[in-house]
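Enquirer: Here it is, the structure, as structure tokens.
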Amino acid sequence: MSPAHEKLRALWLSRERDYGERLAAFVVPASGAECDPELLRGWLREALPHYMIPDRICTLAELPLNAAGKLDRSALRLPEQPVAAAQPLRAPRSPAEQTIAALFAQVLGAYPDSIDQDFFADLGGHSLAATRLATLIRRAWPIAFPLRVVFESPTVATLAAYVEQACADSPADATIPRLPRQTGNEP
């Protein structure tokens, strides 16, 4: 049994709809136990499919109950920020990182705390949000940007490195030529 699991008395996953649909976890540690968010997140990654990993984790003394003794979902309050990563937080350093961080915020509704946060695991991104992010990156830079890159390089830092390399590899005049407008009278 995982140490994170042994220290839990209750765990509730809830959907948040403020910026698209995301999951939040409300955790009640076992009496006298402290719950390490990173340990819990690791256990959840092993126990759940990636799309069910919560974006936010909130530790409570007790889950709120209504008069009938059932969970009072409306009384659950979400934390302001996602759980911070164990690694040091790094701010965007280059124009590409700044732009991609802004695109993360546009797609996810919240600016990432660090350029090393994972779009999916740490920030609550999902496949539709990844598609939107890829589209915005294609609009921002004149490069070929396959959707799979978001899945393979899901942080601001790795996406910026990909974009910078793709821009360096593409010729300066790599624009798509405009074709003359066709009218119905021409062959």
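The values are calculated or read from the model by the stated rules, or taken from the named source; none is laboratory data. Every value quoted in this text rests on a predicted model; they were computed, and no experiment measured them. As a convention, Cβ positions derive from the backbone with ideal geometry for all residues, glycine included, and neighbour counts pool all protein chains shown.
Enquirer: If you go through the range 89-100 one residue at a time, how many are within 18 Å of V150 (Cα to Cα), surrounded by fewer than 21 Cβ atoms within 10 Å (Cβ to Cβ) and in contact (Cβ under 8 Å) with a residue 12 or more places away in the chain?
Expert: Within the range 89-100, residues that are within 18 Å of V150 (Cα to Cα), surrounded by fewer than 21 Cβ atoms within 10 Å (Cβ to Cβ) and in contact (Cβ under 8 Å) with a residue 12 or more places away in the chain number 2.
Enquirer: Looking at L23, L8, L63, which is the one that is at pLDDT 80 or above and either buried (at least 16 other Cβ atoms within 10 Å of the Cβ) or assigned by TED's automatic domain parsing to the domain that holds T155 (or both)?
Expert: Within the list L23, L8, L63, the selection yields L63.
Enquirer: Restricting to the range 35-56, and then to whatever is surrounded by fewer than 19 Cβ atoms within 10 Å (Cβ to Cβ) and among the acidic types (D, E), can you tell me which residue is nearest to S127 (Cα to Cα)?
Expert: By that ranking, first place goes to E46.
Enquirer: Let me ask something else about it. Of (1) at pLDDT below 75; (2) of a type in the set (G, A, S); (3) surrounded by 14 or more Cβ atoms within 10 Å (Cβ to Cβ), G32 satisfies all except one. Which?
Expert: For G32, the exception is condition (3).
Enquirer: Shifting gears a bit: So which of A84, A105 is within 15 Å of the chain's Cα centre (by Cα) and at pLDDT 90 or above?
Expert: Selected residue: A105, the only one of A84, A105 that is within 15 Å of the chain's Cα centre (by Cα) and at pLDDT 90 or above.
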